[in-house]
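Working notes, structure below.
The values are calculated or read from the model by the stated rules, or taken from the named source; none is laboratory data. None of the values given here were measured: they were computed from a predicted structure. Here the Cβ positions follow ideal geometry from the backbone for every residue, glycine too, while neighbour counts run over all protein chains shown. Heads up: the accessible areas ignore ligands, DNA and RNA and are worked out on the full protein's heavy atoms, side chains in. Shrake-Rupley method; radii C 1.70, N 1.55, O 1.52, S 1.80 Å.
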Amino acid sequence: MFTGTSKHSESQLDEMIKQHGGEWNAFTYDESTVYEIDIFSEHAVLALNSLSEIISDTVITTENFDLSRTIIYRDMGGIPSSI
């Protein structure tokens, strides 16, 4: 989900959050993914809009999908994922 949207590239989204003193991250469990943005409260609207954009408008290409699959495989210790 951190591969960019139709409006912003991944690096543009990252820069927007960093320019406002924030950081973003995501982590997964077996059946869920958590997205988080740590940012100063006065920029909460920017954070919520960014999360909404990431969740609702992510551009998923075959290349991005294959890269994500490789990352998941590595993070699971080489155990094949059900994806």
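Fully extending the segment from residue 34 to residue 18 would add 3.8 nm, taking 0.36 nm per residue of separation and subtracting the current Cα-Cα distance.
The C-alpha atoms of the chain define a longest principal axis, and helix 44-57 lies at about 40 degrees to it.
Of the solvent-accessible surface of the chain, computed with a 1.4 Å probe and all protein chains present, 53% belongs to carbon and sulfur. Please compute the net charge surrounding residue 57, taking Lys and Arg as +1 and Asp and Glu as -1 over other residues with Cβ under 13 Å from its Cβ. Neighbourhood net charge equals -1. Between the Cα long axis of helix 62-75 and the first principal axis of the chain there is an angle of about 80°, rounded to the nearest 10. Take the chain with all the other protein chains still there, run a 1.4 Å probe, and you get 73 Å² of accessible area per residue.
Around the Cα centre of the chain, unit charges on the Cβ atoms of Lys, Arg, Asp and Glu (plus for the first two, minus for the last two) sum to a dipole of about 140 debye.
In terms of accessible area, using a 1.4 Å probe and ignoring ligands and nucleic acids, 31, 10, 42 rank largest first as 31, 42, 10.
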